[in-house]
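Step one of this worksheet: look at the structure below.
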Amino acid sequence: MYIAIEGIDTAGKSTQISELKKNYPDAVITKEPGATEIGKEIREIVLSARAQSKKAEFLLFLADRAEHLKEVIEPNLDKMIISDRSAVSGVAYALIQGEISKEDLVSLNNFATNNTYPEKVFLLRLTKEELEYRLSQKELDGIELRGSEYLLNIQDAIIEAAKLLNLELVEIDATKKIDEITKEILNNMKDIND
């Protein structure tokens, strides 16, 4: 089973992945971007903001995704794979930038992933109020400094991206207690096993 946990910064992805690991101790825990050696280098390039072209940045993410598929996803499809982000995030960020058509976003991702996507995608959804509170409690990175409106647009774009890629998206209220969120994810995962 291959699932992805999606959400904007501070939504609680890392916390939920830690909780899921307790229920699936043998799970392969991975992330996009940066789960492979090449992926780490690509991540560094993208985070350094050296690429002047948004298309170049997008293609770097696709290269990471193709390598991630080859090294991590395909060899472990017989196991539980829990990914921190997925192609859904990549498409969402590209949608926000608006430089690549939706058709190209889908076809290029299909090419990079060999049409291998998570069976279910869980979106930890934040309200504007909760997001702003959580951001006020931490030192902000480059993405978070773009502000709550930008992050909420990304959250909406994640929903659109899942539809474009024809993936099952389960939206979960990320303001709930940690254990309630975990329980909701686990209950939805049972559907895949049945």
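Take the residues in region 142-168 that are more than 17 Å from the chain's Cα centre (by Cα) and assigned to a loop (DSSP other than H, G, I, E, B); name whichever of them is farthest from Ala11 (Cα to Cα). Among those that are more than 17 Å from the chain's Cα centre (by Cα) and assigned to a loop (DSSP other than H, G, I, E, B), it is Gly142. Restricted to region 81-92, and to residues there that are hydroxyl-bearing (Ser, Thr, Tyr) and touching a Phe, Trp or Tyr at 6+ places or on another chain (Cβ under 8 Å), the residue that is surrounded by the fewest Cβ atoms within 10 Å (Cβ to Cβ) is Ser83. Total residues in region 138-159 satisfying the condition of being buried (at least 16 other Cβ atoms within 10 Å of the Cβ) and either free of Cβ contacts under 8 Å to residues at least 12 places away in the same chain or of a type in the set (Ser, Thr, Tyr) (or both): the figure is 1.
Across region 90-122, the number of residues qualifying as modelled with pLDDT of 95 or more, of a type in the set (Gly, Ala, Ser) and under 22 Å from Ile38 (Cα atoms) comes to 1. The single condition among (1) in contact (Cβ under 8 Å) with a residue 24 or more places away in the chain; (2) more than 30 Å from Lys177 (Cα to Cα) that Leu135 does not satisfy is (2).
If you go through region 169-194 one residue at a time, how many are part of a helix (DSSP H, G or I) and charged (D, E, K, R)? Write out each step before concluding.
Start the filter on region 169-194 by keeping residues that are part of a helix (DSSP H, G or I), which leaves 178-193.
Subsequent filtering for residues that are charged (D, E, K, R) retains 179-180, 183-184, 190-191.
Selection size over region 169-194: 6.
Within region 19-29, the set of residues being surrounded by 13 or more Cβ atoms within 10 Å (Cβ to Cβ) and either free of Cβ contacts under 8 Å to residues at least 40 places away in the same chain or of a type in the set (Gly, Ala, Ser) (or both) comprises Ala27 only. In this structure, is Asp78 exposed (fewer than 12 other Cβ atoms within 10 Å of the Cβ) and modelled with pLDDT under 95? Spelling it out, it is not the case that Asp78 is exposed (fewer than 12 other Cβ atoms within 10 Å of the Cβ) and modelled with pLDDT under 95. Residues of region 82-124 that are under 15 Å from the mean Cα position of the chain (by Cα) and more than 30 Å from Lys176 (Cα to Cα): Asn109, Thr113, Thr116.
The values are calculated or read from the model by the stated rules, or taken from the named source; none is laboratory data. A quick note: this is a predicted structure, and the numbers were derived from the prediction, not measured. Here Cβ is always computed from backbone atoms with ideal geometry, including for glycine, and neighbour counts include all displayed protein chains.
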